[in-house]
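Below is one structure; the comments refer to it alone.
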Amino acid sequence: VPVDGSHWLSMREVLDVLRQKGHEVVVVAPEVTLHIKPSKNFVMKMYSVPYTQEEMEKDFKAFFHVAFEEGSFFERFFKVFEGMKRITKFGVSTCEHLLQNKELIRHLDESKF
């Protein structure tokens, strides 16, 4: 179960090699992601989350934009802190909705994932 972003970019290369070596690769991911997209090298199992692609992209762009803003150290620190709280909410919500998805959890359990 990869994490979106730079973690996924590194993981994707590992999955490609595993597939080349004959392994069946299954990726469990939310329907809304930054970088996790379907591929011929793995099977995707997706689940719904309570936010949209637009909401997530907006908050991530705003977070990265703060790095280039002017202002005192404390102003920038608190803006970054607030941005981290918003982005962390996406991760927590993603995990909660995965664990609450009884049908997907049952499928993963039955397939000895």
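Laboratory data are not the source of any read-out in this text; all were calculated from the coordinates shown. This one's a predicted model, so the numbers in the text were calculated from it and none came from an experiment. Reconstructed Cβ throughout: ideal geometry from the backbone, glycine too, with neighbour counts over all protein chains shown.
Structure notes:
- Two-site FRET efficiency, residue 58 against residue 111, from Cβ-Cβ distance with R₀ of 30 Å, rounded to 0.05: 0.25
- Cβ-based net charge around residue 64, under 14 Å, with every Lys or Arg adding one and every Asp or Glu removing one: +1
- Loop-exposed GluC sites (Glu not before Pro) per DSSP, neighbour cap 15 Cβ within 10 angstrom, longest uninterrupted part of the chain: 71-113
- What the Kirkwood sum gives for the chain is a hydrodynamic radius of 15.9 Å, with every pair of different alpha carbons counted.
- Of 93, 72, 48, the one that fluctuates the most in a GNM where the chain has Cα springs shorter than 10 Å: 72
- In the chain, lysine pairs closer than 27 Å at Cα, eight or more apart or cross-chain: 27
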